[in-house]
1. Run G51 past the list (1) part of a loop (DSSP other than H, G, I, E, B); (2) in contact with a helix residue (DSSP H, G or I) (Cβ under 6 Å, 6 or more places away or on another chain) and report the number of the one that doesn't hold.
2. Can you find, within the stretch 69-94, the residue that is farthest from T52 (Cα to Cα) among those that are of a type in the set (A, V, I, L, M) and outside any strand (DSSP E or B)?
3. Tell me, which helices (runs of 4 or more DSSP H) lie completely within the stretch 95-182 with 3 or more residues that are in contact with a Phe, Trp or Tyr (Cβ under 9 Å, 6 or more places away or on another chain), at negative phi and crowded, with 18+ Cβ neighbours inside 10 Å?
4. Quick one: H48 ticks every box in (1) of a type outside the set (S, T, Y); (2) more than 15 Å from the chain's Cα centre (by Cα); (3) under 21 Å from F111 (Cα atoms) bar one, so which box is it?
5. Does I57 satisfy the criteria of being in contact with a Leu (Cβ under 7 Å, 6 or more places away or on another chain), outside any loop (DSSP other than H, G, I, E, B) and free of Cβ contacts under 8 Å to residues at least 60 places away in the same chain?
6. Under 6 Å by Cβ, and 6 or more places apart or on different chains, what pairs join a residue from the stretch 1-15 that is within 17 Å of T77 (Cα to Cα) with one that is among the hydroxyl-bearing types (S, T, Y) and surrounded by 13 or more Cβ atoms within 10 Å (Cβ to Cβ)?
Amino acid sequence: MTYEFSSDWFSWNEETWKSILDQIGLIPTKVLEIGCFEGRSTVWMIEHLFGTEGGQIFCVDAWEEVPEAEPIFERNTQIALARNPKILLQKRKGNSTLVLPQLVSSHHNSFDLVYVDGSHDAADVLCDLTNAFLLCRSGGLLICDDYLWNFGDNPCATPKLAIDSFVNCFFRKVRLLHAPLYQVFLVKL
């Protein structure tokens, strides 16, 4: 079986991710992905992030804007999980502003890596990042996607404003890693 994807917004990040993970010596066992679409990044993480012991990946998405992406996500992740049986996937369908606080109550400070790639609205991204920080363990990695994404003239309709605000507010609690600027990589202190 082969994967089915309608677009590729992730593969150009793969080498940077490998480099960053090597740089900080992180082999995750517990990962959270906020915003999954058809599962391209999910599949890559299942295939490349985890060590021989396996691990868990939690996937949060509402699949509201493009509902036809959800069954594609299901098919793609089933293929990846069949090839990597030591990985457990937990799908949490819903708006991240509602789902993430629920995860905080039972998974506080426990994720090795949190990938924030859901909404592009600044208020939503700031909410996701704040919850991601609570979910990430000390020494864990927060990855913010689409830092330079721009769709129109409204700065509140882009992730950059939220990411800048988060980094400024949490500057004593995170370490910014040097990487190509389309994504922002933060280690939780």
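Read-outs throughout are calculated quantities, based only on the coordinates presented, and are distinct from any laboratory measurement. All of these numbers come straight from a predicted model, not from anything done at the bench. Neighbour counts are summed over all protein chains in view; Cβ atoms, including those assigned to glycine, are modelled from backbone coordinates with ideal geometry.
1. Unmet condition: (2).
2. So the first thing to find is which residues in the stretch 69-94 are of a type in the set (A, V, I, L, M), and the list is 69, 72, 79-82, 87-89.
With the extra rule that they be outside any strand (DSSP E or B), the set shrinks to 69, 72, 79-82.
Working: A69: 30, I72: 27, I79: 18, A80: 15, L81: 14, A82: 15 Å.
The selected residue is A69.
3. Numbers: elements: 96-107, 122-135, 159-169.
Correct list: 122-135, 159-169.
4. (2)
5. Values: in contact with a Leu (Cβ under 7 Å, 6 or more places away or on another chain): yes; outside any loop (DSSP other than H, G, I, E, B): yes; free of Cβ contacts under 8 Å to residues at least 60 places away in the same chain: yes.
Considered against the rule, which asks whether it is in contact with a Leu (Cβ under 7 Å, 6 or more places away or on another chain), outside any loop (DSSP other than H, G, I, E, B) and free of Cβ contacts under 8 Å to residues at least 60 places away in the same chain, I57 comes out as yes.
6. Going by the 6 Å Cβ cut-off, the qualifying pairs are F10/S41.
Residue-wise test of (1) under 25 Å from V125 (Cβ atoms); (2) in contact (Cβ under 8 Å) with a residue 24 or more places away in the chain; (3) aromatic (F, W, Y).
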{"residue": "L21", "(1), (2), (3)": "yes, yes, no"}
{"residue": "I27", "(1), (2), (3)": "no, yes, no"}
{"residue": "I34", "(1), (2), (3)": "yes, yes, no"}
{"residue": "P67", "(1), (2), (3)": "yes, no, no"}
{"residue": "K91", "(1), (2), (3)": "yes, yes, no"}
